[in-house]
Each structure stands twice: as C-alpha cells, then as structure tokens.
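Working notes, beginning with the structure itself.
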Amino acid sequence: MAQVRKQPLRKCAGCGLMKEKKELVRIVKTEAGTVRIDQTGRLNGRGVYLCRDAGCLQKARKSRALERSLKCAVPPDVYDEIGRQMDGG
Ligand SMILES: [Zn+2]
C-alpha cells in the first residue's frame, strides 16, 4: 500500500493557484541579495513560486509579482533562466 502524503501547497505568483511544490519552480532571494532559481528546494532566503508554465512566467513578469514578493529587482537574465525551467525545458 502506497502511502500518499499530502504535499504542502504553494501559490503561483503568476496565476495565483495553489499547487504542489513539485509542480512549481522556486525562485529565491538569497541572503547575499541575489535572485536565483532554487534547483534543490533547499536554498535559504525569501522564496516565490511559479508554475512550470511559460504563461505564468509572463504574467508574473508583467505584474512584477516576483519583484513584489522578493522586494527587490529581478534581473532579465533571471527571467530567461526561469523560462528555461518551464515546459519543454
Ligand atoms: Zn501558475
């Protein structure tokens, strides 16, 4: 019998839906103040989540949701990097 443990839900900054963490990309502002993608889910710092969906990335970019959540500027190359984590990547 497989034990199904409910994963904690996180909110996508693009579409606003709650999803399981594994369905989301985590973006973190590290203690050093740099914004980067959290590949491992273990980075310390303030995090924000996005669906693995280019549409959600676009929405978040337009509405500056990441900037508002992280309270700092998100460089364009970080957005590009996030884009590479999305569907098809
Ligand atoms: Zn989304």
Being in contact with a helix residue (DSSP H, G or I) (Cβ under 9 Å, 6 or more places away or on another chain) and open to solvent by 50 Å² or more (accessible area, probe 1.4 Å) narrows ALA54, ALA65 down to just ALA54
Counted residues in the range 1-17 being more than 10 Å from the ligand (Cβ to nearest atom) and among the aliphatic types (A, V, I, L, M) come to 4
Log entry, pairs with first residue in the range 51-69 being free of Cβ contacts under 8 Å to residues at least 24 places away in the same chain, second being away from the ligand (no atom under 12 Å from the Cβ), beta carbons closer than 6 Å, six or more apart or on different chains, reads ARG61/TYR79; GLU67/VAL74
Restricting the range 22-46 to residues that are aliphatic (A, V, I, L, M) and more than 16 Å from the ligand (Cβ to nearest atom), the one most open to solvent (accessible area, probe 1.4 Å) turns out to be ALA32
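The values are calculated or read from the model by the stated rules, or taken from the named source; none is laboratory data. Computed from a prediction, not measured in an experiment: that's the story for all the values here. Neighbour counts run over all protein chains shown; Cβ positions are idealised from the backbone, glycine included. Remember, those area values only see protein heavy atoms, side chains included, never the ligands or the DNA or RNA. Shrake-Rupley method; radii C 1.70, N 1.55, O 1.52, S 1.80 Å.
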